[in-house]
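Each remark here refers to the structure printed beneath this line.
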């Protein structure tokens with residue numbers, strides 16, 4: 001680190017601050033931005049957040065059904081069967097914010113269908129949230 005400071009002139013305390021910010025970002029990507037909650041509270045929290053995010057993006061969240069929780073290696077896989085209706089770009093924005101705010105979350109399967117209102121689409125998808133299994 002001292003050699004690097006000598007070569008590029010960035011003070012060590014600034015480098016340490018940048019590394020700490022990287023660690024915080026990686027921690028958020030791995031564990032999500034939410035607090036660690038028991039499983040039943042996690043499910044309620046995720047559903048509530050999806051609804052808030054839907055309101056922010058002018059998307060109608062028509063149903064959310066939690067699926068069977070499965071243990072996969074060190075993780076609990078918590079599936080959510082979700083149905084939302086809205087403009088294509090609003091649906092994309094909704095999904096983008098869900099993934100960033102509630103991550104780590106993955107789209108496992110999806111179907112996009114037109115609605116009678118030609119500007120709207122029905123988006124049916126299975127989102128899977130991952131959490132470390134508690135010992």
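Evaluated against (1) under 27 Å from residue 37 (Cα atoms); (2) free of Cβ contacts under 8 Å to residues at least 40 places away in the same chain; (3) over 12 Å from the mean Cα position of the chain (by Cα); (4) surrounded by 16 or more Cβ atoms within 10 Å (Cβ to Cβ), residue 121 falls short on exactly one condition, (1). Among the residues of the stretch 86-100, the one identified as within 12 Å of residue 127 (Cβ to Cβ) and surrounded by fewer than 18 Cβ atoms within 10 Å (Cβ to Cβ) is 99. A single entry from 65, 83 fulfils the requirement of being surrounded by fewer than 17 Cβ atoms within 10 Å (Cβ to Cβ), touching a strand residue (DSSP E or B) at 6+ places or on another chain (Cβ under 8 Å) and free of Cβ contacts under 8 Å to residues at least 24 places away in the same chain: 65.
Answer yes or no as to whether residue 128 is within 12 Å of the chain's Cα centre (by Cα), in a strand (DSSP E or B) and not assigned by TED's automatic domain parsing to the domain that holds residue 25. It is true that residue 128 is within 12 Å of the chain's Cα centre (by Cα), in a strand (DSSP E or B) and not assigned by TED's automatic domain parsing to the domain that holds residue 25.
The values are calculated or read from the model by the stated rules, or taken from the named source; none is laboratory data. Please read all numbers here as calculations on a predicted model, not as lab measurements. Note that we place each Cβ from the backbone using ideal geometry, even for glycine, and neighbour counts take in every protein chain shown.
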